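Read the structure below first, then the notes.
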Amino acid sequence: MRPYELDPLPEDVRLPPETGTTFADNALGKARAAASATGRPSVADDSGIEAAALGGAPGVWSARYAGEGATDEQNLQKLLDEVPEDGDRRVAYVCALAYVEPGGREEVVHGRCEGTLATESRGDGGFGYDPAFVPDETGHEDQRTMSELPPEEKNAISHRGKAVRMLARHLGLEAGAGP
């Protein structure tokens with residue numbers, strides 16, 4: 001396998017606002033803009049949390065759920081306030097990861113991490129909704145939130161980690177697949 005590196009987007013490149021109605025719409029818009037501006041293949045994502053009790057909200061509005069400029073803590077508190085403690089507390093992190101080649105190939109893959117919304121925040125790691133997201137993949141008896149998991153354990157089960165691994169496989173970049 002040849003090593004591949006991702007470079008950060010140059011500071012002067014501005015990405016479009018996230019106005020799409022799906023994670024894929026937003027990810028593709030950003031990847032297209034980056035590919036056009038740099039002339040290089042580009043990768044971009046959009047992700048968020050979906051709560052079953054809220055019909056999938058906040059979804060694509062996760063980063064601004066409590067309003068434009070809201071903090072992670074404000075967004076999380078709004079979600080905790082709106083999902084009934086005695087109701088359906090199933091949640092899922094969703095990630096759309098887009099790959100765009102200038103003037104050509106476009107691929108979008110999705111990663112998903114299912115879990116339960118805790119009734120209060122716990123843990124110091126992660127960001128966003130992590131302090132109240134209890135992932136299913138750690139086991140029924142394990143009630144740690146994403147914020148309480150060590151980074152390597154979180155990355156192994158996260159929606160973004162799954163999407164990155166899926167895109168690598170799809171593009172033939174995984175170990176043993178060859179470019």
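Compute, for region 23-170, the length of the dipole vector about the Cα centre, with Cβ point charges of +1 (Lys, Arg) and -1 (Asp, Glu) only. Units Debye, rounded to 20.
800 debye
Among PRO8, LEU80, ALA63, flag the residue with its Cα farthest along the positive direction of the charge dipole of region 1-140, charges on Cβ as +1 for Lys/Arg and -1 for Asp/Glu.
About the Cα centre, the residue reaching furthest to the positive side is PRO8.
Regarding the chain, what whole-number volume in Å³ per residue does the convex hull of its Cα atoms give?
Convex hull volume per residue, Cα atoms: 129 Å³.
Angle between the Cα long axis of helix 23-38 and the longest principal axis of the chain, 0 to 90 degrees, nearest 10?
30 degrees
Please identify every one of the trypsin sites (Lys or Arg not before Pro) in region 48-112 that sits in a loop by DSSP and has no more than 11 other beta carbons within 10 Å of its own beta carbon.
Hits after loop and neighbour filter: ARG105.
Tabulate in residue order the Karplus-calculated ³J(HN,Hα) for region 45-54, using 6.51 cos²θ - 1.76 cosθ + 1.60 with θ = phi - 60°, rounded to whole Hz; enter x for Gly and Pro.
10, 9, 8, x, 10, 10, 9, 4, 5, 10
Quick one: what do you get for region 79-133 if you divide its Cα Rg by 2.2 N^0.38 Å?
Here the Cα radius of gyration is 1.59 times the empirical estimate.
About its Cα centre, what dipole magnitude does region 98-153 give when the only charges are +1 on Lys and Arg Cβ and -1 on Asp and Glu Cβ, stated in debye to the nearest 20?
Around 180 debye, computed over region 98-153.
Considering every pair of different Cα atoms, what Kirkwood radius, in Å, is found for region 1-81?
Radius from the Kirkwood sum: 14.4 Å.
Please report the equivalent ellipsoid semi-axes of region 66-160, computed as sqrt(5 x eigenvalue) of the Cα gyration tensor, largest first, in whole Å.
Result for region 66-160: semi-axes of 26, 18, 13 Å.
Using Cα positions and a limit of under 26 Å, work out the lysines in reach of LYS30, with same-chain residues fewer than 8 apart set aside.
Excluding near neighbours in sequence, the set is LYS154, LYS162.
Relative to the longest principal axis of the chain, what angle (0 to 90°, nearest 10) does the C-alpha long axis of helix 72-82 take?
With rounding to tens, the tilt is 50 degrees.
No value in this document is a laboratory result; all are computed from the given coordinates. Note that the coordinates shown come from a computational prediction; the quantities given were computed from them, not determined experimentally. Because the Cβ atoms are built from the backbone with ideal geometry, glycine has one as well, and the counts that use them run over all protein chains shown.
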